[in-house]
Amino acid sequence: MINDMSDATPDLSALLERNRARLVGFVRGEGKQVLRFESEDDLVQGIHVHALAVEEHFEYRSDNEFIAWLFTVARQHIVNRQRYWSAARRDGGNMLRVTSGGGNSSVSSGIRPAASQTGPGTLAGKREQLALATKVVGLLSERDQRLIQWMSEDVPLEEVAERLDLTYDAAKRARLRAMERFRQTFELIQKKAGPPEEA
């Protein structure tokens, strides 16, 4: 019987979605300091990304054990976000650069993560990165997608604030969060995909 249950182990994404309401309640209680800077949805989405990143450390045994594991991951993420916002107040630091796709109008997303290394890159490698970036953008919330797109189009922050009906500072925070989620998700998806195969 127990062995048969292992065959029906729920997918982590499905478990996260099924327990979203419980996680929101947890975030409201434990993440009050972070909620001054991020919305509930932002924080929950970040916890989901964190959970997917450490998926190999999770083994489903029961719903109760899953909730305990999820809340542990959530606490770690909330602590990380508290550190992030504390550091951001002291020093903005280096954030991910999102640049235009080199003016290539055939690239619908028009974005790619800035290269972390120098040197010649193959056309195939660049194409692969652009395809991955497009996939990552599709995983972000609708607002984050717009923020990343506007950033790639060099839309001034004042105009972004106006489009979203936000203050300048709120728009700046929203854009930084979108950039960070794009970078984290890109790195996670790239890691799961593994190194590109050599021709």
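Throughout, read-outs are computed from the coordinates displayed, never taken from laboratory work. Nothing here was measured: the structure is a model prediction, and the numbers come from that model. Here the Cβ is made from the backbone with ideal geometry for all residues, glycine too, and neighbour counts use every protein chain on show.
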ASP165 paired with ASN19, simple spin-label distance in nm, labels 7 Å along Cα-to-beta-carbon: 3.6 nm
Positive-pole candidate from VAL79, LEU16, GLY46, dipole of the range 2-90, charges at beta carbon: VAL79
Computed Rg/Rh of the range 2-90, alpha carbon atoms with Kirkwood Rh: 1.03
For HIS57, HIS48, HIS77, order by how many other beta-carbon atoms lie within 10 Å, fewest first: HIS57, HIS48, HIS77
Cα centre as origin, Lys/Arg/Asp/Glu Cβ charges: the range 14-61 dipole, Debye: 280 debye
11 Å cut-off, amide nitrogen to a point 7 angstrom out along TRP85 Cα→Cβ, residues in the range 18-51: 31-40, 43
Length added when fully stretched, GLU142-ASP63, from 0.36 nm per residue minus Cα-Cα: 25.4 nm
³J(HN,Hα), Karplus 6.51/-1.76/1.60, whole Hz, each residue of the range 150-156, x for Gly, Pro: 5, 4, 5, 8, 6, 5, x
Inter-label distance for VAL49 and GLU30, nm, one decimal - labels placed 7 Å from Cα along Cα-to-Cβ: 1.9 nm
Gain in span if fully extended, ASP154 to THR134, counting 0.36 nm per residue against the direct Cα distance: 5.4 nm
